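Taken together, the values in this text are just the output of simple stated rules run on the coordinates, not laboratory data. For clarity, every value in this text was computed on a predicted model and none was experimentally measured. Using ideal geometry, Cβ is built from the backbone for each residue, glycine included, and neighbour counts are taken over all protein chains shown.
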Amino acid sequence: MSIAINKIKKFENENCDENKVFYQAMEEVIYSIAPLLESDERYAKYSILERLVVPDRIIKFKVTWLNDKNEIQVNIGYRIQFNNALGPYKGGLRFHPTVNEGVLKFLGFEQIFKNALTGLPIGGAKGGSDFDPKGKSDFEVMKFCSSFMTELHKYIGPRIDIPAGDIGVGSREIGYLFGAYKKITSSYEGVLTGKPYIFGGSFMRPQATGFGVVYFTQTMLEMEGKEPLDGKICTVSGAGNVAIHAIEKLQEIGAIVVSCTDSKGTIYDPRGVDLCLLKEMKLKNKTSLKEYIKTHSDAKYIPLKEYPDGGHAVWDIPCYAAFPCATQNELTDIDAQNLIVNGCVSVSEGANMPSTTKAINDFLSHKICFAPAKAANAGGVVVSEFEMSQNAAMTKWSFEKVDEKLKLIMQQIAKRVALTAKDYGVEGNYVDGANIAGFKRVADAMIAEGI
Ligand code: NDP
């Protein structure tokens, strides 16, 4: 453990508010892999950790565009190419006002291990902008995407770096980005994933992360000897791409999903969330969840600010399984205590790092089945890789074929993680299992490739 602690201290002098989430992600990995570092001297000899925590490249650029009033707007764009030991850089683009270098370093770092765990040939990256698509017209989003790509196209390519979507970047944004890339380069190639189906997208990319987290959870519960999800009460946070498709799959397998949230508040619907209405509100009309209770008088809307500091209403609802699917650090130690007291059996992370370190430790010490994001939400990147394969072969797979392959890979990830945890003496700890399995695959490739 001493090697690992010294490494953490060495990187801490760079610590500042912006880097907080990056250090949170890094420390979790370093603590998990401590036994591996102590037992195999190759990792120290080849300075794997020192090399792994520094991105290969941080690209930062200005994005200027004209709004509908013909006023000039300025945003910052980023692409962080973290590690390509296993394959070309791969990871999403996030458009949200909270985006900065630290957030993208955290997401890019996590992406390395997530992509490694899939067993597919893809490296880790992340990018985005502080641009907020909310409240912008279609033309404004189009103009922003076009300007963003004017700079980004210099650094990406189907064998170099293949961005995808994330918060604020759905198929509309990917479509505009792809159109701009094609115009600038005159090249029609699979440089982005998450494209609309009509021009190169894969079936099931929108559903992949949400469905994948449910497939992972089903396998985990079975391996841990727990009851399956059908007929059980589940809580989900978020009302975006990941949350909606997790709810869809949970309902399909017979679970009763009683919640969803957005950035302003929580819906608690004891009869089960009305998915058609939710899709219409969030995917089509982008309205606030507050509107839900207008047509569902049995449901309750709890505004975010009405809940005591440090806790969130959604995690105070008794449930068998919880699925945080909104954003980072949305589930605190107070929330973890509420879930534990209310008898929750499993927590599966659909969002990236939604649980704080303290919350995770509480879950692990209470033997809650805990599925960490880098393993449980890998479904999106798995289907992104399928999209790359289909584009390269100029072919299209059916919905059923993609779904079957996704399910198989999610089951394999869950089994690999559980087996690794057992091999390293931490049976049932999926956090350590995921970190060790992901790290080993990347580190061994880095050693084999030299410096
Ligand atoms: P979306 O933009 O589609 O949805 C995000 C949802 O979270 C929205 O309902 C949004 O509310 C809510 N939200 C955003 N910020 C906050 C906040 N600070 N507090 C409370 N709620 C918030 O994003 P995705 O569903 O695509 O992504 C969700 C998470 O999953 C992210 O962590 C992302 O990195 C991760 N992820 C996504 C993948 C994908 O395939 N899309 C793949 C792997 C991980 P509102 O409606 O008010 O904006």
Practice item. Identify, among Gln390, Thr420, Thr261, the residue whose Cα sits farthest towards the positive end of the charge dipole of the chain, taking +1 on the Cβ of Lys and Arg and -1 on the Cβ of Asp and Glu, with the dipole about the Cα centre. Key: Gln390
Practice item. Mind jotting down the three principal axis lengths of segment 210-376 based on Cα atoms? Whole angstrom, largest first. Key: 41, 35, 26
Point to revise | For segment 193-243, convex hull volume per residue from C-alpha positions, Å³ | key: 102 Å³
Practice item. Send over the Kirkwood Rh of segment 119-197, from the inverse of the averaged 1/r over different Cα pairs, rounded to one decimal Å. Key: 13.0 Å
Exercise for review: Express the C-alpha Rg of segment 152-243 as a ratio against the empirical globular expectation 2.2 N^0.38 Å, rounded to two decimals.
Suggested key: 1.43
Review point. Treating the beta-carbon of each Lys and Arg as +1 and of each Asp and Glu as -1, no other charges, what is the dipole magnitude of segment 321-451 about its Cα centre, to the nearest 20 debye?
Key: 280 debye
Revision key, fill the gap. Residues whose built amide H sits under 5 Å from the amide H of Arg94, excluding neighbours closer than 5 in sequence, are Gly127, Gly128, Ser129
Exercise for review: Throw me the Rg/Rh for segment 353-451, computed over C-alpha atoms with Kirkwood Rh, two decimals.
Suggested key: 1.06
Study note, to complete from the structure: Semi-axes in Å, largest first, for segment 298-365 (Cα gyration tensor, √(5λ)) are 18, 14, 12
Check your understanding: Under 18 Å from the 7 Å Cα→Cβ point of Ser398, by amide nitrogen: which residues of segment 187-216?
Key -> 202-205
Practice item. Take the alpha carbon atoms of segment 83-172, find their radius of gyration, then divide it by 2.2 N^0.38 Å using N residues; give the quotient. Key: 1.11
Exercise for review: Any chance you could get the radius of gyration and Dmax over the Cα atoms of segment 210-292, in Å?
Suggested key: 12.9, 42
Review point. Out of every Cα-Cα pair in the chain, what percent are more than 31 Å apart?
Key: 38 percent
Check your understanding: Quick one: of the DSSP bridges fully inside segment 210-376, what percent are antiparallel, nearest 5?
Key -> 35 percent
Point to revise | Where only alpha carbons of segment 166-304 are counted, the Rg and the Dmax (Å) | key: 17.6, 55
Practice item. At 0.36 nm per residue, minus the direct Cα-Cα distance, what do Lys154 and Ser288 gain on full extension? Give it in nm, one decimal, please. Key: 44.5 nm
**Study point:** Cβ-placed point charges (K, R +1; D, E -1), dipole of the chain about Cα centre in debye, nearest 20
**Key:** 1140 debye
Check your understanding: Full extension from Arg57 to Arg172: what is 0.36 nm times the residue separation minus their Cα-Cα distance, to one decimal in nm?
Key -> 38.6 nm
**Study point:** Over segment 2-190, relative contact order from alpha-carbon pairs under 8 Å, at least 6 apart, %
**Key:** 21 percent
Revision key, fill the gap. For segment 2-190, using Cα atoms only, the Rg and Dmax in Å read 18.1, 62
Practice item. State the answer as a single residue: which of Ile233, Ile317, Leu283 lies farthest towards the positive end of the charge dipole of segment 210-376, with beta carbon charges of +1 for Lys and Arg and -1 for Asp and Glu, about the Cα centre. Key: Leu283
Review point. In deg cm²/dmol and to the nearest 500, what is the mean residue ellipticity at 222 nm of the chain if only DSSP H runs of at least 4 residues count, each as -39500 (n - 2.57), divided by the residue total?
Key: -14500 deg cm²/dmol
Revision key, fill the gap. Of the candidates Phe109, Val141, Thr217, the farthest towards the positive dipole end of the chain (Lys/Arg Cβ +1, Asp/Glu Cβ -1, centred on the Cα centre) is Val141
